[in-house]
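Colleague: Would you mind keeping the following structure in view while I ask a few things?
Here, each number is a calculation from the coordinates, and none is a lab measurement. All of these numbers come straight from a predicted model, not from anything done at the bench. As a convention, Cβ positions derive from the backbone with ideal geometry for all residues, glycine included, and neighbour counts pool all protein chains shown.
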Amino acid sequence: MNINDLLKKSKDGGNFSRDELVYLLSFPPESEASFRIMAEAGRISRELSGNQAEIHAQFALNLAPCACNCAFCSFAKVNGVFTTETRITIEDAVAYARQFEIDGANAIYVMTTAFYPFSDFLEFSREIRRHLNPGTVMIANVGDQGIENAQIIRDAGYAGVYHALRLREGRDTGLAPEGRIKSIKNFQEAGLIVGTCVEPVGPEHTNEELADMILFTASFNPAFSGAARRISIPGTEMAKFGMITELRMAQIVAVTRLGMPRSVTGNCTHEPCTLGGLAGANLFWAEVGANPRDTQEKTEEGRGESVESCKRLFRECGWAALSGPSQFFKVKLSS
Ligand code: SF4
């Protein structure tokens, strides 16, 4: 196995094995080989999306200590960052969504913690949908769901969901991997398009674990895959592992691109950065309100990026920002 052969294989549209992905992930992030991998991933992403990058924007309906206790999440009860629940009003939810639409987000994500009442989520969702342009793409980011709820989500006006099997799911999280995988199947069966990611990556994850997760995301043909690093929540158990650099994240984003079939047109990274954009990320995230990676109640006052700042980052990488509804989801709808 050598880098020249693998880059040629990528140019020829070949599929990569687990061993090949592990090999691509094993180069030092600052090495020449890693930069060549990032260049190839950038080439593929720009070709697949016509050099039009997307910005998806998310807000949360609530902020609450969550009993699922995912060790990396600021909402986890065990982390003690937030001790009481706050919920936004339906008027605020509509205002957040409308503002994202005005700002030019290509898709709008509505997030809740795992135990937010489903009936409230639906009531808010229908009201948000009613106030948005019919062509605006709405995506749900909610807990695991059975097939019936998945169909109801679809009927409430959502084109898709964000759902991920997280790294070390069931060990670092209080959720069973089987439940996450089943939910992804349920969403797809209900006609919802799934976007996903290899996340949240920390320095302790091996190249083998990353390769397995890249292949898992490829296996269900999502609207987008990608890679996001774990953001340390100060004072938590997980913080002792530290964080990977943006450069290492860019390398993983690039290898993820190479590991996806060409039918997957989106490649995201989080948090947004020019290194990610250079390495083939064509999807960044804007956020307002509660954010599981932030200790601020309003992430726009903390870590959260705006639609405008994401556009600026993309511009710095030579990407244009897509105007209009997400093509990643449209491609899936028409395929
Ligand atoms: S990641 Fe989601 S399910 Fe896990 S603790 Fe945070 S809010 Fe709860």
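Colleague: Calculate, in nm to one decimal, what T295 and N221 gain on full extension: separation in residues at 0.36 nm each, minus their alpha carbon distance.
Modeller: Values: separation 74, 0.36 × 74 = 26.64 nm, distance 3.34 nm.
Separation in residues times 0.36 nm, less the Cα-Cα distance, equals 23.3 nm.
Colleague: Right, something else. Check cross-link reach from K182 to the lysines: straight Cα distance under 28 Å, and skip same-chain residues fewer than eight apart.
Modeller: Hits, sequence-local ones excluded: K77, K330, K332.
Colleague: Please list the helices of the chain that count as membrane-span-like by this rule: a mean Kyte-Doolittle hydropathy of at least -1.0 together with Cα atoms stretching 30 Å or more along the helix axis, each helix being a complete DSSP H run.
Modeller: Numbers: long enough: none.
Taking the DSSP H segments of the chain (at least 30 Å long, mean hydropathy at least -1.0), we get none.
Colleague: Return the single residue from S74, S49, S31 with maximal mean-square fluctuation; model: Gaussian network over the chain, springs between Cα atoms under 10 Å.
Modeller: Between S74, S49, S31, it is S31 that shows the largest mean-square fluctuation.
Colleague: Ok, one more. Counting only Cα, what are the radius of gyration and maximum Cα-Cα distance Dmax of the chain, in Å?
Modeller: Over the chain's Cα set, Rg and Dmax evaluate to 18.6, 57 Å.
Colleague: Another one. Please work out the Cα center distance from segment 128-192 to segment 229-252, rounded to the nearest Å.
Modeller: 26
Colleague: Using the Karplus curve 6.51 cos²θ - 1.76 cosθ + 1.60 with θ = phi - 60°, what ³J(HN,Hα) values do you get for each residue of segment 285-301, in whole Hz, with x for Gly and Pro?
Modeller: Residue by residue, segment 285-301 yields 10, 9, 9, 9, x, 6, 8, x, 9, 10, 9, 7, 5, 10, 5, 5, 9 Hz.
Colleague: Right, something else. Can you list, by residue number, the Cys in the chain that have no neighbouring cysteine C-beta under 4.7 Å?
Modeller: Among the cysteines of the chain, those whose Cβ sits 4.7 Å or more from every other are C66, C68, C197, C268, C273, C310, C317.
Colleague: For the pair S232 and N15, what calculated FRET efficiency results from E = 1/(1 + (r/R0)^6), where r is the Cβ-Cβ distance and R0 = 41 Å, to the nearest 0.05?
Modeller: Computed FRET efficiency for N15 and S232 comes out at 0.75.
Colleague: Sort C73, C317, C273 so that the residue with the fewest other Cβ atoms within 10 Å of its own Cβ comes first and the one with the most comes last.
Modeller: C317, C273, C73
Colleague: I've got another one for you. Distance in nm between label sites at T89 and F241, each 7 Å beyond Cα in the beta-carbon direction?
Modeller: Going from the T89 label point to the F241 one covers 4.1 nm.
Colleague: I've got another one for you. Between D120 and R312, 0.36 nm times their residue separation minus their Cα-Cα distance comes to what? Show your work: numbers first, answer last.
Modeller: Numbers: separation 192, 0.36 × 192 = 69.12 nm, distance 3.54 nm.
Additional length available on full extension: 65.6 nm.
Colleague: Right, another one. Straight-line reach from K298: which aspartates and glutamates have a Cα under 17 Å away, not including same-chain ones fewer than 8 places off?
Modeller: Leaving aside aspartates and glutamates fewer than 8 places away in the same chain, those within reach of K298 are E85, E91, D92, E271, E287.
Colleague: So how far, in whole Å, is the C-alpha centre of segment 266-335 from the one of segment 39-117?
Modeller: Comparing the Cα centres of segment 266-335 and segment 39-117, I get a distance of 11 Å.
Colleague: As a footprinting exposure proxy, order K240, K182 by other Cβ within 10 Å, with the fewest listed first.
Modeller: With the fewest neighbours first, K240, K182 line up as K240, K182.
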